[in-house]
């Protein structure tokens, strides 16, 4: 059975490290290629530092890096059974979609992505920020973002075999269908 694992958490919660370990364990168990599908873009110095931090954490581990800020579903559709894919991160992907002015296409994009996750030949582990635990944002763009991240998480949770919330580096299993 293929793994579909959604890893949620707040900023600096340890979710990426947890997800990287999951993918490494999946890859090592059956000799699969580890693919890191990065959605983040270094739009400023602080983001460039975050990307560098993640790269340093992965040093010494054989990852194939795929940088794709918008067309994530297409990468999953071309994946092979010999791969374990880590997508980091879905909230940055949605921010890229919003930044490109593609909100009107988002419903179809989300549906295509959820379908690609379900149908991918590879094991898939996804990292995303849980942003819906605070107050409702005042601005319409921010409300759209928070609402759509929540809808994305719900859609993915319905097709995932595993969902884990990470806080303070500690995983809390929300769903385990193994």
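Nothing in this text is a laboratory measurement; each read-out follows from the coordinates by a stated rule. Everything numeric in this text was worked out from a predicted model, so none of it was measured. Neighbour counts run over all protein chains shown; Cβ positions are idealised from the backbone, glycine included.
Where the Cα atoms of segment 83-173 are projected onto their three principal axes, how long is each span, largest first, in whole Å?
38, 32, 19
Run the quick spin-label model on residue 151 and residue 121: label points 7 Å from Cα toward the beta carbon, then report their separation in nm to one decimal.
3.2 nm
What is the extension gain from residue 64 to residue 111, computed as 0.36 nm multiplied by their sequence separation minus the C-alpha to C-alpha distance, in nm to one decimal?
On the way: separation 47, 0.36 × 47 = 16.92 nm, distance 2.62 nm.
The span from residue 64 to residue 111 would gain 14.3 nm if fully extended.
Along the Cα→Cβ direction, 7 angstrom out, place labels at residue 25 and residue 52. What is the inter-label distance in nm?
3.2 nm
Show me the three semi-axes of the equivalent ellipsoid for segment 4-176, from the C-alpha gyration tensor (sqrt of 5 times each eigenvalue), largest first, rounded to whole Å. Walk me through the numbers on the way to the answer.
Numbers: eigenvalues 110, 66, 57 Å².
In descending order, the three semi-axes are 23, 18, 17 Å.
Whole angstrom only: what separates the Cα centroid of segment 1-29 from the Cα centroid of segment 79-103?
15 Å
If r is the Cβ-Cβ distance from residue 159 to residue 82 and R0 is 30 Å, what FRET efficiency results, to the nearest 0.05?
Working: r = 22 Å, r/R0 = 0.73.
Taking R0 as 30 Å, the efficiency between residue 159 and residue 82 is 0.85.
Sorted by packing (mean other beta-carbon atoms within 10 Å per residue), highest first, where do 123-136, 164-177 land? Write down the numbers at each step before the final one.
On the way: 123-136: 18.3, 164-177: 13.5.
Answer by packing, highest mean first, reads 123-136, 164-177.
According to a simple spin-label model (label point 7 Å from Cα along Cα-to-Cβ), what is the distance in nm between residue 136 and residue 174?
2.1 nm
Taking the 0 to 90 degree range and rounding to the nearest ten, how far is the long axis of helix 90-99 tilted relative to the main principal axis of the chain, both from C-alpha atoms?
Long axis of 90-99 versus the principal axis of the chain: about 40 degrees.
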